[in-house]
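Read through the structure below, which is laid out as structure tokens, and then see the notes.
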2 protein chains.
Amino acid sequence: MQIIHYLSARKLKIMEKVKVIEIKKSIFEENGREADELRAELKKKGVFLLNLMSSPGSGKTTTLIATINAIKDKIKVAVMEADIDSDVDAIKIKEATGIESIQLHTGGMCHLDAEMTRQGLDNLSEGLDLAILENVGNLVCPAEFDTGAVRNAMILSVPEGHDKPLKYPLMFSICDVVLINKTDVLPYFDFDMDKCREYIAMRNPAAKVFPICARTGEGVDSFANWLLEEVALWKN
Amino acid sequence: MQIIHYLSARKLKIMEKVKVIEIKKSIFEENGREADELRAELKKKGVFLLNLMSSPGSGKTTTLIATINAIKDKIKVAVMEADIDSDVDAIKIKEATGIESIQLHTGGMCHLDAEMTRQGLDNLSEGLDLAILENVGNLVCPAEFDTGAVRNAMILSVPEGHDKPLKYPLMFSICDVVLINKTDVLPYFDFDMDKCREYIAMRNPAAKVFPICARTGEGVDSFANWLLEEVALWKN
């Protein structure tokens, strides 16, 4: 009820068009096998699944909006917004990009696994090139569950500090891409970009690092181009 | 091994004095009962336990240093730093405050429960007035487990955004205190303090809210005074 409090009439209209899925807890014990099966199915269908993770408030939704607007004329994209509660992100994506966007409610759960991701994918349209999962804001648990994604990406924002790869090793080690967001506020924080790259490389020497500012769009094109290349490779 | 890379000789000397405890997973199923028992024991001993939670990078350790330096001459304080991996926080606290500080390694676990907290408390000195637990950086899972603390506090930092009470309802509803940190960067972020207070009140009308800047010390005294009063009440 209280959510209506901060929604304009325009937003309410968009909200009516956003599907909200209440995700059920998985009954499968072998998540790894489930994830591999899901990836194989996605390969057959030619759908690339990107799993985007980060801490709360590091800018996942803003980054997605900037990225989607850079690629949506070239490929068919849809987004699944996972959240414990609230629909604000799916609405925001729909408003700002016009693409298909659904909200997944995890009912308190701190991560998504492959079966939960599949429940979301089943609610998206056919014929997609790219499905993006915005995972629950959390640097710990989502790293432990393979969602079936083709690639894992994460965002570390400048205000969080360059030492995070030391403290959340698993997350950095499983991500193919690390976006360092909010570079516009670098002058106001003690964030050492070289050290950050060094610590990321300690956890995962193969990880690609893209410094970006989702709010201004700076650096987003490099990430968007990488994503387009990966999608093209997957579909071949 | 690689940790030595960024430690000075002085830090290494302090590191030798910091106890590192490898926390074992609890075997107790009824965490609520365990937590109540621990609280009763702490009441008998006159030890106040504060559980401090937040996202990664919101400034838990810096806030603790500023708070401890404001109260350490009045009461006897010790800190337990929980982390998945790394000892940097316990060392930082010890360096900056001189008080007893131990590191709890959770071995990948995303939260602490009452039994795990007890393992930490058992390794602290006798005669404490206040024991502070810095929980794992995570806005989801730690909220689900009563640690046995007398009070729960959390930090929301300005760069994370004022909408977080909408997205992480449980964390805000179980916290007695919300510290809004990094107020020095308010001019560079779209953070609405009034809305934030309103959203916090939606989740928990009784929560106390203290805007602070741990780096400059602004506002920390108000929180420190609240904490001193709470400790005095607990010991009566």
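Mind checking the full-extension length gain between B:Lys235 and B:Ala201? Use 0.36 nm per residue of separation minus the Cα-Cα distance, one decimal, nm.
Taking B:Lys235 through B:Ala201 to full extension adds about 9.4 nm, to one decimal.
Would you mind ranking B:Phe48, A:Phe191 so that the residue whose beta carbon has the fewest other beta carbons within 10 Å leads the list?
So the residues, fewest neighbours to most, are A:Phe191, B:Phe48.
List the cysteines in the protein assembly as shown whose Cβ has no other cysteine Cβ under 4.7 Å from it.
So far as the 4.7 Å Cβ criterion goes, A:Cys175, A:Cys196, A:Cys213, B:Cys175, B:Cys196, B:Cys213 stand without a partner in the protein assembly as shown.
Using the 10 angstrom Cβ neighbour count as an exposure proxy, how do B:Glu126, A:Glu230 rank, fewest first? Please report the intermediate quantities before stating the final value.
Working: B:Glu126 7, A:Glu230 17.
Neighbour counts put them in this order, fewest first: B:Glu126, A:Glu230.
Would you compute, from DSSP H runs of 4+ residues alone, the mean residue ellipticity of the protein assembly as shown at 222 nm, taking -39500 (n - 2.57) per run and dividing by the full residue count, rounded to the nearest 500?
Numbers: 18 runs with 178 residues, N = 472.
After summing the helix terms and dividing by the residues of the protein assembly as shown, the value is -11000 deg cm²/dmol.
In chain A, what residue has the beta-carbon at the shortest distance from the axis of the rotation relating A to B, and what is that distance in angstrom, rounded to the whole number?
Its Cβ sits closest to the axis: A:Pro159, 2.
Hand me the trypsin sites (Lys or Arg not before Pro) from segment A:51-158 located in a DSSP loop with no more than 13 other Cβ atoms within 10 Å, in residue order please.
Hits after loop and neighbour filter: A:Lys74.
In whole Å, what is the distance between the alpha-carbon centres of segment A:81-130 and segment B:74-96?
Here the answer is 39 Å between Cα centres.
DSSP loop (so not H, G, I, E, B), at most 12 other Cβ within 10 Å: list which GluC sites (Glu not before Pro) in segment A:131-210 pass both filters.
Answer by residue number: there is no such site.
May I ask which of A:Lys19/A:Lys235; A:Lys167/B:Lys195; B:Lys182/B:Lys208; B:Lys19/B:Lys76; B:Lys92/B:Lys195 have a Cα-Cα span longer than 23 Å here?
A:Lys19/A:Lys235; A:Lys167/B:Lys195; B:Lys92/B:Lys195
Defining the label point at 7 Å along Cα→Cβ, can you sort the distances from A:Asn236 to the same site in each other copy, shortest first, in nm?
7.5
Just to confirm the numbers: B:Lys44, label point 7 angstrom along the Cα-Cβ line, distances to the other copies in nm, shortest first?
6.3
Label position 7 Å from Cα toward Cβ: report the copy-to-copy distances for A:Gly98 in nm, one decimal, ordered from shortest.
Taking the point 7 Å beyond Cα along Cα→Cβ, the inter-copy spacings are 6.5 nm.
For the protein assembly as shown, rounded, prolate or oblate, judged on the Cα gyration tensor with a ≥ b ≥ c (square roots of eigenvalues), a/c < 1.5 rounded, else prolate if a/b > b/c?
Prolate.
Using Cα pairs closer than 8 Å and at least 6 residues apart in sequence, work out the relative contact order for segment A:2-235, in percent.
On the way: 447 pairs, mean separation 58.1, N = 234.
The normalised contact order for segment A:2-235 reaches 25 percent.
Since every read-out is calculated from the coordinates, none of them should be taken as a lab result. Keep in mind that what you see is a predicted model, and the values were worked out from it rather than measured. Backbone-built Cβ (ideal geometry, glycine too); neighbour counts: all protein chains shown.
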